[in-house]
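Some notes on the structure that comes next.
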Amino acid sequence: MAILFSAVGIRAGDAELKFLVGGIPKELEDLEKNVRVENLLIDQSDDVKVSVQASAYRWGVGADTNATWDDLLRIMIQMEENPNFLSEKCDHVEDVNFSFDWSQQELFGLKMEEVL
């Protein structure tokens, strides 16, 4: 079994966030219910263009399965112990870039999960 995950970077205005997720996010909906992303967006007081860069990796062999939280924790430990973990132990699958416009004004009358 191969574990599929992505190293994600998000920039919204002056705020920046980096984290790992299972699978390959290709649009905002793929990051919904991610508390870190929700908090980053909620903290934006102005309308901003949000850019997302994701580098997808495969760790292991066999059929791909999206990384679980436990898998992501193991990957983070591996990355701390070996700064070259991604280049030495994982296969780069693809890079994904997308962006979207974010406005707090659009939140009025909507539940957060309807927006994210």
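The values are calculated or read from the model by the stated rules, or taken from the named source; none is laboratory data. Quick caveat, the model's predicted, so the values are computed rather than measured. Positions of Cβ are backbone-derived with ideal geometry, glycine not excepted, and every protein chain shown enters the neighbour counts.
Tabulated data for the structure shown
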quantity: Residue tally, condition touching a strand residue (DSSP E or B) at 6+ places or on another chain (Cβ under 7 Å) and either modelled with pLDDT of 95 or more or surrounded by 12 or more Cβ atoms within 10 Å (Cβ to Cβ) (or both), over the range 64-116; calculated: 23
quantity: Considering residues of the range 3-57 that are surrounded by 17 or more Cβ atoms within 10 Å (Cβ to Cβ) and of a type in the set (Phe, Trp, Tyr) only, the residue nearest to Phe100 (Cα to Cα); calculated: Phe5
quantity: Residues that are assigned to a loop (DSSP other than H, G, I, E, B), in contact with a strand residue (DSSP E or B) (Cβ under 7 Å, 6 or more places away or on another chain) and modelled with pLDDT under 90, drawn from the range 6-33; calculated: Gly13
quantity: Verdict on Ile3 being aliphatic (A, V, I, L, M), touching a Phe, Trp or Tyr at 6+ places or on another chain (Cβ under 9 Å) and part of a strand (DSSP E or B); calculated: yes
quantity: First in the range 73-96 and among the aromatic types (Phe, Trp, Tyr) and assigned to a helix (DSSP H, G or I), second anywhere and surrounded by 14 or more Cβ atoms within 10 Å (Cβ to Cβ) and at pLDDT 95 or above, Cβ under 7 Å, 6 or more apart; calculated: Phe85/Gln78; Phe85/Met79
